[in-house]
Every structure is written in structure tokens, then in C-alpha cells.
1. Right, VAL197: closer than 25 Å to GLN286 by Cβ, in contact with a Leu (Cβ under 7 Å, 6 or more places away or on another chain) and crowded, with 18+ Cβ neighbours inside 10 Å or not?
2. Return the pairs, sorted by first residue and then second, in which the second residue is open to solvent by 50 Å² or more (accessible area, probe 1.4 Å), the first residue lies in region 271-282 and is closer than 12 Å to ASP235 by Cα, the beta carbons are less than 6 Å apart, and the residues are 6+ apart or on different chains.
3. So for region 244-253 (the condition being among the small types (Gly, Ala, Ser), under 26 Å from ALA374 (Cα atoms) and within 14 Å of the ligand (Cβ to nearest atom)), does at least one residue qualify?
4. Restricting region 251-272 to residues that are charged (D, E, K, R) and in a helix (DSSP H, G or I), which is farthest from LEU80 (Cα to Cα)?
5. Filtering region 1-30 down to residues that are farther than 23 Å from ASP77 by Cα and open to solvent by less than 30 Å² (accessible area, probe 1.4 Å), which residue is farthest from the ligand (Cβ to nearest atom)?
6. Kindly check whether there is at least one residue in region 273-285 that is away from the ligand (no atom under 15 Å from the Cβ), assigned to a helix (DSSP H, G or I) and crowded, with 16+ Cβ neighbours inside 10 Å.
7. Can you name the number of the only condition in (1) outside any helix (DSSP H, G or I); (2) free of Cβ contacts under 8 Å to residues at least 24 places away in the same chain that SER53 fails?
8. When you go through LEU205, LEU223 one by one, which is the residue that is open to solvent by less than 50 Å² (accessible area, probe 1.4 Å) and touching a residue at least 40 places away in the same chain (Cβ under 8 Å)?
Amino acid sequence: MSVERAAFITLHACPLAAPGRGKSGGMNVYVRQLASALGELGMKIDIFTREHSDVANRVETIGSNVRVIHINVGEPDAHLDELYDLLPDFLEQLNKFREEEGLEYDVVHSHYWLSSWVGRELSQELAIPHVVTFHTLSLIKMQSRAGEEEQSERSVIETKVIATADRIIAFSPHERDAMARLYAADANKITLVPCGVDLEVFRPLNQKAVRSSLGLNGEKILLYVGRVEPIKGLDLLVETAAQMDSEDGVRMIVVGADVNGDREMDRVRQLAREKDLEDKIDFVGQVDHDDLPLYYNAADVCVVPSYYESFGLVALESMACGTPVVATRVGGLSTIIHHGRTGYLKSWRCPEAFANSVEMIISSNGLQQSMGEAARKRAEGMGWDNAAALISVEYSALTSSTTYGDNSD
Ligand code: UDP
């Protein structure tokens, strides 16, 4: 059966919030782009999210067939940890809107554990299939870096949803295997659908021209893009620059805002000071998503030093712009980057090894160019239309197969 209308639940990650500011990042981009690509296929998508302080309208149309519906529960600026208690209210308001508009959904697709609670309830009430994309899972996150803390309810909900969801979307084999290992997930219920990239926006540009538009000189540019928080491992970028022979001619650019005031930024700045690299690192703050191609194109190498990435959109965006990536071999990054062809993957958080890989690229125009070309080519097979096509097949298969609504445990 073809699916006419789907409800997306993304309680805390509004697709209209600017990525790179506060907690907004890859999930916000994913929801917006996937919904838009499904909308292009003719499916009607209603995205339910919580009202927040930047909201202009309660209901906003953001593309063909796609609407964002802001649900008013809790304080607009409530902290992520406070949202769990708001879930029943959110569900009630959502249902009220649905009933007022006489909407019927064929499938509910939830994003992140908080939303998965809502998705599970809604699927049972409406007797429709529940598809879930977790984006990150607490047990994987806590294993990846000592000191990561999570709300106690999180893994309980994740376990329950993994046991009862009709389909789970994983971004990489790593995520799929970790779900089976840590949550006893049934591998038959998991489908691998990698994220995508907007190939029109993220494309190769003239490096000289973009550099002059950003006021950069002839230094070699190492670029970091993303939220600034401990799990992103930014200290490794500074340690890497400190190990490089050519550190005098190298500049690090960090795009993205700090998630907790300036705590992590200050820590990284302090490290740069200790390494005598303070004047070699620029924190440019949050940059509009559509302006990022300028930065990726200005860079010689994009460095992704994360402790964990469930996918790693930044790596794919950089590759789509023809810029090689040097990254930690974690999570989804190893499915995006072809080691030795489109960049390098490092198994250890070792600054010497990172520096060595970065220097190999920036010291050889030929290698930088051929890796850049291979990177773009690889990205060309990963547009959002691919992800949407795979997901719509899953929706159709689910809606034609079973009777839903009796999956409570
Ligand atoms: N991003 C942005 N502006 C910024 C910083 C980041 O638009 O100033 C976007 C970036 O382009 C990417 C997303 O935020 O699409 C980050 O996604 P990623 O998967 O790399 O990390 P996550 O946020 O999911 O941990």
C-alpha cells in the first residue's frame, strides 16, 4: 500500500531551528531533509515538534507537502532533561490538533528516544506502524566516552521501543550491531539507511574565491564543523596541529556554537594557549547551514575528531564539497569515508597519527585533489532522494503487511 500521510515526531529537534546553535545539529538537518525528500515523492509529512522561542507560526509549511506543527507544552526554553515529564501532554496536544484537522496517518516515524515514547503511544492508539530513528542511543554514547551521563529513563524507554517498534532505521552497520549487542534488538527489524547530503548546496567551488570572501590568506586550513561539546573531541584537533611540522602555516577554523555557555570552547582555547597555538585557532561560532559550503571549500582538510558519531553529516558535507576528511574511526564515519581514498580514518585518538595523515594530504596537491574528487564522487551516490526512496519502501511494506495496535508489552 502506498503511504499518503506520515507523522514525524521530533519533540526537541525542530527542523526550523538553526543547526550548530544550542543542541541543534544533525538531527534537525536530517528531519528537515528527509521530510522534504519524502514530500517530493508525493507523501504528506506533518512534523510535530515542541514550540520554542524562535517560533513565528504554530503551523509552517516548509516545502512541497511538508508542514511543521509546533506543540505548546512546557516553557519554550526548557532544558532537554525536563522534557521527559512533558511527553504525555505533548501526545495529548498532538491528538487534539489531529482530531481538529480530521487527520489520518498511515505511519508514525519518531526521532530520538523522547519522541519514540510518543511515537509508540500514537501507533498503538491509531493502530498504525511505528518507525523509529534513534540518532543516538544512550548505551552506545556512554560506552564511547567516560563521563557521559544520561537520564535514567532513557535506556529504559530505548529498550522498550526497540522491543516493540515495527521498524528501526540504523545509519550504519555499527549502530545496527550495537543495538543487537546492547539492547538485544531483533536484527530483522532493523533497516540500514544512511543519511544524505544536499548535493546542490554542498558542491565544489573555486577555493581561491571562497578564501578571499572569508578573508583567509594562504595558510593551510584545518576545518572543524559542529556543535562544540566534549563528545566531539575538539582537543584532538589542537593536539594534532601541535604535532605538525608545518604548524606555522596552518590555521584551525572551528564552526559551531558551544552547547554549554562557553565551557568547552574555553577548555579548547586554554589547550591552544598551552600549546602556543592560540593565534592559530579561530572560533567563528554558528554559521548558517547554506553558507557552510564556503568553509568546506576554503578548507584543505576537514577534521572530525569525535569520540562517537552515529552518522557524521559533517564528513559527508565536506566530501560533497570535494574536501578530504580525516576522522576517528567511530560509528557511522567509517561507512562514509573510504580510508586512503576520500580521506583517512584513525583507529586511535593519537595526535601524531592524525598529524601524519593531515600532513600527507596538505603537502601534496596531487593527493589533495584526487582525494577531493573521489570524495565528491562518493557523496554523489548519497543524496537525500536515496534515503527517502529507501524509507518510503519501508513505510509501504509495513502498511501492506500487518494489523497494528496490539504491540504493547
Ligand atoms: N551545522 C550548521 N551550522 C553550524 C554547525 C553545524 O549548519 O554552525 C550543521 C552541519 O552542517 C551538519 C549538522 O549541523 O549538518 C551537524 O551534524 P553531524 O551529524 O555532523 O553532528 P550531530 O549534530 O548530529 O552530532
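The values are calculated or read from the model by the stated rules, or taken from the named source; none is laboratory data. Values in this document were obtained by computation on a predicted structure and should not be read as measured data. Neighbour counts run over all protein chains shown; Cβ positions are idealised from the backbone, glycine included. Accessible surface is based on the protein model in full, side chains and every heavy atom, while ligands, DNA and RNA are left aside. Shrake-Rupley method; radii C 1.70, N 1.55, O 1.52, S 1.80 Å.
1. Numbers: closer than 25 Å to GLN286 by Cβ: yes; in contact with a Leu (Cβ under 7 Å, 6 or more places away or on another chain): yes; crowded, with 18+ Cβ neighbours inside 10 Å: yes.
Spelling it out, VAL197 is indeed closer than 25 Å to GLN286 by Cβ, in contact with a Leu (Cβ under 7 Å, 6 or more places away or on another chain) and crowded, with 18+ Cβ neighbours inside 10 Å.
2. Between residues of region 271-282 that are closer than 12 Å to ASP235 by Cα and residues that are open to solvent by 50 Å² or more (accessible area, probe 1.4 Å), the close pairs are ALA272/GLU278.
3. Within region 244-253, not a single residue is among the small types (Gly, Ala, Ser), under 26 Å from ALA374 (Cα atoms) and within 14 Å of the ligand (Cβ to nearest atom).
4. Initial filter on region 251-272 (charged (D, E, K, R)): 251, 258, 262-264, 266-267, 269.
Still in the list and also in a helix (DSSP H, G or I): 263-264, 266-267, 269.
Values: ARG263: 18, GLU264: 18, ASP266: 23, ARG267: 23, ARG269: 27 Å.
The qualifying residue farthest from LEU80 (Cα to Cα) is ARG269.
5. To start, the set of residues in region 1-30 that are farther than 23 Å from ASP77 by Cα comprises 1-7.
In the following step, the residues that additionally are open to solvent by less than 30 Å² (accessible area, probe 1.4 Å) were identified as 3, 6-7.
Details: VAL3: 26, ALA6: 22, ALA7: 22 Å.
Restricting to residues being farther than 23 Å from ASP77 by Cα and open to solvent by less than 30 Å² (accessible area, probe 1.4 Å), the top hit is VAL3.
6. Residues of region 273-285 away from the ligand (no atom under 15 Å from the Cβ): 273-281.
This time we only want the ones that are assigned to a helix (DSSP H, G or I), so: 273-274, 278-280.
This time we only want the ones that are crowded, with 16+ Cβ neighbours inside 10 Å, so: 280.
Looking for residues that are away from the ligand (no atom under 15 Å from the Cβ), assigned to a helix (DSSP H, G or I) and crowded, with 16+ Cβ neighbours inside 10 Å, one finds at least one in region 273-285, hence yes.
7. Of everything listed in (1) outside any helix (DSSP H, G or I); (2) free of Cβ contacts under 8 Å to residues at least 24 places away in the same chain, SER53 misses just condition (2).
8. On the way: LEU205 fails: open to solvent by less than 50 Å² (accessible area, probe 1.4 Å).
Result of the check over LEU205, LEU223: LEU223.
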